[in-house]
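The values are calculated or read from the model by the stated rules, or taken from the named source; none is laboratory data. Note that this is a predicted model, so its numbers are computed, not measured. Here the Cβ positions follow ideal geometry from the backbone for every residue, glycine too, while neighbour counts run over all protein chains shown.
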Amino acid sequence: MRKKIVAGNWKMNKNLQEGLALAQELDAALKGKQVNCGVVIGTPFIHLASVANAIDTEKIGVAAQNCADKASGAYTGEVSAEMVASTGAKYVILGHSERRAYYHETAGILKEKVLLALENNLTPIFCIGEVLEEREANRHFDVVKSQVTASLFDLSKEDFSRIVLAYEPVWAIGTGKTATAAQAQEMHAFIRNTLSEKYGEEVVENTSILYGGSCNASNAKELFSNPDVDGGLIGGASLGVDKFMPIIEAF
């Protein structure tokens, strides 16, 4: 049975005090509530330990937004997967389009990050998705397939089964444009088919694939009703409990 997940990606927002307050407000909003999905929040590095200690981590998973592609050493300013895990975080967002575009993270770099995350018992939320030019050139399927195969297809079946995928059409992130429910379903089904060829049906049926890209309270229910969409990776709408809770409740 595939796990349903709604994950928030705070990006570079909220200072430590604001982030802690937001996490505690979400924790309070979920208390005593029966929700039909897992809830994860991806905070900046400096928030991780404080947030993990301040909330019920059985109810809300904590994610880093990145980790280094090296285990340790003279890499000033980097944060290793081991350091992330030591805070109490259980997830790490890897391969986000902003990391690929602004920080030039390649398939090879991401492959190393995934391996280190898994070694440290972190669940990678691995992001894939095409830019507008690639979609308009009808290359979106090739691009997404390449992102999956180049960084993940050296993993064993057992290791791959620990990955969560997040499909984010880059042209829909923070733009207000959203892939239609049909476009989201089409790509999610294609990704599942790609995985099936490599890892077989059993692994595929247990792999959660989230949709990201301007997912909000008004469109979440329609997006999540697709058979191959297992939840969302939410950006701006995760920065306020009033906006985030309706997405969680869309399940």
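Can you find, within segment 134-145, the residue that is nearest to the chain's Cα centre (by Cα) among those that are part of a helix (DSSP H, G or I) and either exposed (fewer than 14 other Cβ atoms within 10 Å of the Cβ) or among the β-branched types (Val, Ile, Thr) (or both)?
Within segment 134-145, the match that is nearest to the chain's Cα centre (by Cα) is Val144.
What residue, among those in segment 1-31 that are hydrophobic (A, V, I, L, M, F, W, C), assigned to a loop (DSSP other than H, G, I, E, B) and at pLDDT 95 or above, is nearest to Pro124 (Cα to Cα)?
If we take residues in segment 1-31 being hydrophobic (A, V, I, L, M, F, W, C), assigned to a loop (DSSP other than H, G, I, E, B) and at pLDDT 95 or above, then Trp10 is nearest to Pro124 (Cα to Cα).
Restricting to segment 140-156, what's the tally of residues that are charged (D, E, K, R), more than 14 Å from Cys127 (Cα to Cα) and in contact (Cβ under 8 Å) with a residue 24 or more places away in the chain?
Total meeting the criteria: 1.
Can you find a residue that is touching a residue at least 60 places away in the same chain (Cβ under 8 Å) and closer than 17 Å to Phe190 by Cβ anywhere in segment 105-127?
Within segment 105-127, one or more residues are touching a residue at least 60 places away in the same chain (Cβ under 8 Å) and closer than 17 Å to Phe190 by Cβ.
Hey, among Ser86, Ser80, Ser72, which residue is among the hydroxyl-bearing types (Ser, Thr, Tyr) and in contact with a Cys (Cβ under 9 Å, 6 or more places away or on another chain)?
Ser80
Can you tell me which residues in segment 113-133 are crowded, with 16+ Cβ neighbours inside 10 Å, more than 15 Å from the chain's Cα centre (by Cα) and either at pLDDT below 95 or not in a helix (DSSP H, G or I) (or both)?
Matches in segment 113-133: Asn120, Glu130, Val131.
Can you tell me which residues in segment 33-46 are surrounded by fewer than 18 Cβ atoms within 10 Å (Cβ to Cβ) and either touching a helix residue (DSSP H, G or I) at 6+ places or on another chain (Cβ under 7 Å) or among the β-branched types (Val, Ile, Thr) (or both)?
Within segment 33-46, Val35, Ile46 meet the criteria.
Do you know which residues across segment 47-63 are more than 13 Å from Gly8 (Cβ to Cβ) and either among the small types (Gly, Ala, Ser) or surrounded by 16 or more Cβ atoms within 10 Å (Cβ to Cβ) (or both)?
Listed by number, the residues that qualify are Leu48, Ala49, Ser50, Ala52, Ala54.
Quickly run through segment 32-67 and pick out the residues that are among the polar types (S, T, N, Q), part of a loop (DSSP other than H, G, I, E, B) and at pLDDT 95 or above.
Asn36, Thr57, Gln65, Asn66
How do the strands (runs of 3 or more DSSP E) wholly within segment 153-251 filter down when requiring 1 or more residues that are surrounded by fewer than 17 Cβ atoms within 10 Å (Cβ to Cβ) and of a type in the set (S, T, N, Q): which remain?
Here the list is empty.
Starting from segment 197-223, keep only residues that are more than 27 Å from Phe153 (Cα to Cα), then list their pairs with residues that are of a type in the set (D, E, K, R) and exposed (fewer than 15 other Cβ atoms within 10 Å of the Cβ) whose Cβ atoms are within a distance under 8 Å, requiring at least 6 positions of separation or different chains.
Ser214/Lys177
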